[in-house]
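For reference, the structure is listed below as structure tokens.
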Amino acid sequence: MRKILCLLLICTTLLLAGCALSSASRDKDFDDSLIVVGFSQVGSESDWRLANTASMVSALSEQNGYRLLFDNARQKQENQYLAIRNFIQQDVNYIVLAPISETGWDSVFREAKAAGIPVIVVDRQVSVEDESLYQSWVGSDFYREGQMAITWMEESFPDPDAPLRILHLQGTEGATAQLMRSRALEEAVARHENWTVEAALKGEFTEAKGYEVVRDFLKTGTPFSVLYSENDNMTFGAMRALDEAGISYGRDGEVKIISFDAVHKALEYCLEGRINLCVECNPLHGPRVDRLIKSCEAGEEVPKSSYVEEICFTCDTITPQMIGEREY
Ligand code: AHR
């Protein structure tokens with residue numbers, strides 16, 4: 001018994017020494033006036049995501065008054081839970097979350113609230129029982145993005161008697177970007193008797209998966225004339241699969257391509273006539289999150305949700321100047 005007690009005492013002493021050491025080493029070169037932010041990012045699955053990370057890192061910089069703890073969850077929600085719990089342990093001032101999917105946040109948000117740490121959600125939305133569990137959300141209106149694509153389809157294929165066969169390439173299941181862009185398409189298909197979705201393929205927002213699922217689908221020989229792809233990187237993969245299968249696409253091709261995000265490379269393809277429609281999804285959330293945090297710091301009320309303005313580009317109207325003016 002004495003041995004066990006001794007062991008327990010040694011362990012507790014080591015643990016306490018460890019805590020003291022880690023907070024001491026944290027404090028040593030740590031400027032107290034900085035706002036400490038823990039940011040849990042989804043991953044690095046797309047060009048959009050890289051532009052988003054760059055925007056966040058540059059806005060939440062030391063020169064701007066922050067100490068940023070960045071965590072890349074590599075597309076796994078469990079990693080985001082770990083990161084958030086880690087931020088809570090480190091007693092950050094704010095937690096910023098770009099959630100992989102909408103659901104599953106109640107417990108971890110409750111833990112943050114109990115620790116008195118405000119959570120700011122960015123990009124995709126969260127669905128929690130108690131909305132007071134997070135401070136604010138800023139991101140895109142993904143449903144409106146989908147509707148912009150549908151409007152273009154309705155204008156481009158006005159004949160109600162001509163069948164319109166669509167191949168739907170979906171992003172990460174359960175992410176707002178997937179749910180809302182898919183919803184806009186599904187509702188439109190229900191409204192138009194001549195529209196059919198030949199398949200809904202799961203491309204996880206990555207180029208590799210987009211390529212793989214479209215390549216496999218093309219082997220079935222099912223005809224289609226529109227590719228509705230929920231992000232640019234999956235589109236790039238799909239274009240490779242179409243090239244390999246010898247299927248033409250774009251302005252003069254058999255398959256018309258609709259792509260979401262409007263990253264630089266996609267706009268270049270749009271200018272070349274290889275992508276028909278690019279729907280913008282704006283990734284530059286860093287300055288928006290900065291403003292939200294600074295408002296919270298000043299004790300001001302912040303909006304519960306804020307949508308960013310977005311536009312779309314067609315291969316018939318895009319110009320090099322439009323691309324040149326873009327920040328990402
Ligand atoms: O949530 C935004 C989406 O996530 C973008 O459309 C996609 O490229 C990214 O991975």
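In summary, ASP159 fulfils each of the numbered conditions (1) away from the ligand (no atom under 16 Å from the Cβ); (2) of a type in the set (D, E, K, R); (3) assigned to a helix (DSSP H, G or I) with the single exception of condition (3).
Candidates in region 87-107 are the residues that are closer than 16 Å to ILE35 by Cα and among the β-branched types (Val, Ile, Thr); of these, the one that is surrounded by the most Cβ atoms within 10 Å (Cβ to Cβ) is VAL96. Taken together, the criteria place ALA177 among residues that are of a type in the set (A, V, I, L, M, F, W, C), surrounded by 23 or more Cβ atoms within 10 Å (Cβ to Cβ) and either within 14 Å of the ligand (Cβ to nearest atom) or not assigned by TED's automatic domain parsing to the domain that holds LEU292 (or both). Out of the residues in region 316-328 that are in contact with a Leu (Cβ under 8 Å, 6 or more places away or on another chain) and in a loop (DSSP other than H, G, I, E, B), state the one that is surrounded by the most Cβ atoms within 10 Å (Cβ to Cβ). Here the answer is ILE318.
When region 275-315 is filtered for residues that are part of a loop (DSSP other than H, G, I, E, B) and either in contact with a Cys (Cβ under 8 Å, 6 or more places away or on another chain) or without any contact (Cβ under 8 Å) to a residue 12 or more places away in the chain (or both), the ones remaining, listed by number, are ILE275, ASN276, ALA298, GLY299, GLU300, GLU301, VAL302, GLU310, CYS315. In this structure, does VAL126 turn out to be among the β-branched types (Val, Ile, Thr), within 16 Å of the ligand (Cβ to nearest atom) and under 22 Å from the mean Cα position of the chain (by Cα)? Here the answer is yes, as VAL126 does meet what is asked.
If only one of SER127, SER136 is open to solvent by less than 30 Å² (accessible area, probe 1.4 Å), out of contact with any Cys (no Cβ under 6 Å at 6 or more places or on another chain), at pLDDT 95 or above and among the small types (Gly, Ala, Ser), which one is it?
Testing whether each residue is open to solvent by less than 30 Å² (accessible area, probe 1.4 Å), out of contact with any Cys (no Cβ under 6 Å at 6 or more places or on another chain), at pLDDT 95 or above and among the small types (Gly, Ala, Ser) leaves just SER136.
Would a scan of region 209-225 turn up a residue that is under 18 Å from the mean Cα position of the chain (by Cα) and modelled with pLDDT of 95 or more? Walk me through it before giving the result.
First pass over region 209-225, keeping only residues under 18 Å from the mean Cα position of the chain (by Cα): 209-210.
If we keep only those that are modelled with pLDDT of 95 or more as well, we get 209-210.
Among the residues of region 209-225, at least one is under 18 Å from the mean Cα position of the chain (by Cα) and modelled with pLDDT of 95 or more, which makes the answer yes.
Annotation: ALA241 fulfils all but one of (1) open to solvent by less than 10 Å² (accessible area, probe 1.4 Å); (2) within 23 Å of ASP141 (Cα to Cα); the unmet one is (2). Among the residues making up region 103-126, those that are in a loop (DSSP other than H, G, I, E, B), out of contact with any Gly (no Cβ under 9 Å at 6 or more places or on another chain) and either closer than 27 Å to TRP48 by Cβ or among the acidic types (Asp, Glu) (or both) are TRP105, PRO118. When you look at LEU97, is it touching a residue at least 40 places away in the same chain (Cβ under 8 Å) and within 15 Å of the ligand (Cβ to nearest atom), yes or no? Yes, satisfied. Select from region 32-48 the residues that are more than 16 Å from the ligand (Cβ to nearest atom) and either at positive phi or among the β-branched types (Val, Ile, Thr) (or both) and list them in ascending order. Matches in region 32-48: ILE35, VAL36, VAL37.
When ARG165 is tested against (1) among the basic types (Lys, Arg); (2) assigned to a helix (DSSP H, G or I); (3) touching a residue at least 60 places away in the same chain (Cβ under 8 Å), only condition (2) is not met.
Figure legend. Inter-residue proximity from region 125-148: first residues under 17 Å from ARG291 (Cβ atoms), second residues of a type in the set (Phe, Trp, Tyr) and away from the ligand (no atom under 15 Å from the Cβ), beta-carbon distance below 7 Å, spacing 6+ or different chains. Indicated pairs: TYR134/PHE109. Determine if region 114-121 includes at least one residue that is open to solvent by less than 50 Å² (accessible area, probe 1.4 Å), within 16 Å of the ligand (Cβ to nearest atom) and in contact (Cβ under 8 Å) with a residue 12 or more places away in the chain. Yes - at least one qualifying residue is present in region 114-121.
Scanning region 168-223 for residues that are acidic (Asp, Glu) and not in a helix (DSSP H, G or I) yields GLU173, GLU193, GLU198, GLU204. Scanning region 222-253 for residues that are within 16 Å of the ligand (Cβ to nearest atom) and in contact with a helix residue (DSSP H, G or I) (Cβ under 7 Å, 6 or more places away or on another chain) yields LEU227, TYR228, SER229, GLU230, ASN231, ASP232, ASN233, MET234, THR235, PHE236, GLY237, ALA238.
The values are calculated or read from the model by the stated rules, or taken from the named source; none is laboratory data. These numbers come from a predicted model, not from an experiment. Cβ sites come from the backbone with ideal geometry, for glycine too, and all protein chains shown count toward neighbours. For accessibility, only protein heavy atoms count, side chains too; no ligands or nucleic acids. Shrake-Rupley method; radii C 1.70, N 1.55, O 1.52, S 1.80 Å.
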